[in-house]
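Shown next, in structure tokens, is the structure this report addresses.
The values are calculated or read from the model by the stated rules, or taken from the named source; none is laboratory data. All values derive from a computational prediction rather than experimental measurement. Neighbour counts run over all protein chains shown; Cβ positions are idealised from the backbone, glycine included. What goes into the accessible areas is simple: the full protein's heavy atoms, side chains included, and nothing from ligands, DNA or RNA. Shrake-Rupley method; radii C 1.70, N 1.55, O 1.52, S 1.80 Å.
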Amino acid sequence: MSDELPAIRLTDPRALRAYTHPTRMALVGLLRLHGPLTATRAAELLGTESVASCSFHLRQLAKYGLVEEAGGGRGREKPWRATAAFTSWDASPADPERAAATEALQRAVLDGYFARATSWLLHRGTDTPEWREAAGFGDSAVLVTAGELAELNARVEELVRPYVERLSAPGPRPAGARTVQLIHLAVPTEQPGEAAP
């Protein structure tokens, strides 16, 4: 998103495959929002993994530079932190091994998006009317060239940037603020060479 916000770019197919694991993606997300965390605390926050499992996955993530020890503690009680605010990768690498690993990762990321959206739908009734009205999803069909779509994506990122930067800004949060995952999908609905309906 921004030069000021650190990012890590995955290029090694082994790193791409390692990050594909849903628990590992969840751990990196937790560390970015709430870190540093120990494996014990991460397991508590995830609620679906054991301390031993979190410890194992944190060590695997560290192999590929996605997390690192934050200093202090021992064993499962040592704190870990994310090494970057964002993870990126080439969308269409030429190397077949990297392309296969990228496709698997993109599918896992998409699965995670839909799992979080489904979870919100299941629990939205317990939220306040204000948050139920503000949250949601929808779509717009647009007619664009590839260059225009890239520009549109960049403009969306620019619009969102101040709110992303707020996550790591010092000082108190604005009253009533909550962490929200803004999911942006921009995918063609026509196959190459297919005529529009």
Taking the range 41-94 and keeping residues within 28 Å of Leu182 (Cβ to Cβ), in a loop (DSSP other than H, G, I, E, B), at pLDDT 90 or above and of a type in the set (Gly, Ala, Ser) leaves Gly47, Gly65, Ala70, Ala84
Exercise. Just a yes or no: is a residue in the range 41-58 loosely packed, with under 14 Cβ neighbours inside 10 Å and in contact (Cβ under 8 Å) with a residue 40 or more places away in the chain?
Worked result: no
Q | Hey, Ala104 open to solvent by less than 70 Å² (accessible area, probe 1.4 Å), under 17 Å from the mean Cα position of the chain (by Cα) and at pLDDT below 90 or not | A | no
The correct count of residues that are more than 30 Å from Gln191 (Cβ to Cβ), small (Gly, Ala, Ser) and not in a helix (DSSP H, G or I) in the range 130-175 is 5
Within the range 155-175, the count of residues that are within 17 Å of Gly35 (Cα to Cα) and either among the aromatic types (Phe, Trp, Tyr) or touching a residue at least 24 places away in the same chain (Cβ under 8 Å) (or both) comes to 4
Filtering the range 168-197 down to residues that are open to solvent by 70 Å² or more (accessible area, probe 1.4 Å), under 26 Å from Trp120 (Cα atoms) and of a type in the set (A, V, I, L, M, F, W, C) yields Ala175, Val180, Leu182, Leu185, Val187
Of those in the range 139-167 that are among the small types (Gly, Ala, Ser) and open to solvent by 70 Å² or more (accessible area, probe 1.4 Å), the residue modelled with the highest pLDDT is Ala146
